[in-house]
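Novice: I'd like to ask you about the structure that follows.
The values are calculated or read from the model by the stated rules, or taken from the named source; none is laboratory data. What you see is a predicted model, and the numbers here were worked out from it, not measured in a lab. Cβ sites come from the backbone with ideal geometry, for glycine too, and all protein chains shown count toward neighbours.
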Amino acid sequence: MNYSLIHKFLGLTFLVGVILALVTPSEAAERTRTRSGNYTTGSGKSGSFKSISTRDAGTRTTDASRTNQDGATATRSSARTWDKEIGSGTTSSTTTRANGKTSTREGTLTKTAEGTVTTQGTATGINGRTGTYNSTTTKTETGRATTGTITGPNGKTTERELSRQVNADGTGTRTVAITKPDGTTETRTQSLMIVKEPAPTP
């Protein structure tokens, strides 16, 4: 898993999942929520995204997609479990690029403080090579902030910092800062417009 593959893995995984809320699935009654919207980046790229999440007692499954300005679509399916009493759970996801190639993640979730969850696990890239990752996500008043690393099989580590802010009207920003194994950094900023679609009538 070289840097290029790590970079693509991070970009697809976290961009496709940009509208997924950082909440643990603890609701007793099943419910479905749909979110969609558009994004633009500082480099002039744009596109749309959509996710459908279903929650039941202690579980959440999500199917999300992202389509860029060229019409290429990537998808991501994820599942989470959460035990509220002990403050831990599991997470897994599969991301499929527009060319059909896939990458996967599996890991564990642990609540370390109020509003803070750490995640650690394994990530398998489109070439079949496996690395490890860990991250800490904290809720903020207007969104969330995440810091983490992913380490490839060669031991090289890429660091990532993500901040996401969403306003009451659905507008927001998402900033990702990546530190490559050679120490150089890259920052990407996206403007978001998120629409919460009405829940289906029972």
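Novice: Under 8 Å between Cβ atoms, at least 6 apart or on separate chains: pull out the pairs that start in segment 173-188 with a residue that is closer than 22 Å to residue 143 by Cβ and end on any residue that is among the small types (Gly, Ala, Ser) and at pLDDT below 90.
Specialist: Note: pairs meeting the criteria are 173/191; 188/42; 188/43.
Conditions tested, residue by residue: (1) within 22 Å of residue 126 (Cβ to Cβ); (2) in contact with a strand residue (DSSP E or B) (Cβ under 8 Å, 6 or more places away or on another chain).
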{"position": "148", "(1), (2)": "yes, yes"}
{"position": "152", "(1), (2)": "yes, yes"}
{"position": "159", "(1), (2)": "yes, yes"}
{"position": "162", "(1), (2)": "yes, yes"}
{"position": "165", "(1), (2)": "no, yes"}
{"position": "169", "(1), (2)": "no, no"}
{"position": "174", "(1), (2)": "no, yes"}
{"position": "180", "(1), (2)": "yes, yes"}
{"position": "186", "(1), (2)": "yes, yes"}
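Novice: For residues in segment 128-167 being surrounded by 15 or more Cβ atoms within 10 Å (Cβ to Cβ) and small (Gly, Ala, Ser), which is modelled with the lowest pLDDT?
Specialist: 143
Novice: A further question on this structure: Which one of these is in contact (Cβ under 8 Å) with a residue 60 or more places away in the chain, of a type in the set (S, T, N, Q) and part of a loop (DSSP other than H, G, I, E, B): 43, 103, 93, 36?
Specialist: Values: 103 fails: part of a loop (DSSP other than H, G, I, E, B); 93 fails: part of a loop (DSSP other than H, G, I, E, B); 36 fails: part of a loop (DSSP other than H, G, I, E, B).
From the options 43, 103, 93, 36, the qualifying one is 43.
Novice: Exactly one of these conditions fails for residue 71: (1) at pLDDT 95 or above; (2) surrounded by 14 or more Cβ atoms within 10 Å (Cβ to Cβ). Give me its number.
Specialist: Every condition holds for residue 71 apart from (2).
Novice: Would you mind stating whether residue 119 is in a strand (DSSP E or B), surrounded by fewer than 17 Cβ atoms within 10 Å (Cβ to Cβ) and free of Cβ contacts under 8 Å to residues at least 40 places away in the same chain?
Specialist: Details: in a strand (DSSP E or B): yes; surrounded by fewer than 17 Cβ atoms within 10 Å (Cβ to Cβ): no; free of Cβ contacts under 8 Å to residues at least 40 places away in the same chain: yes.
So residue 119 does not fit the description; no.
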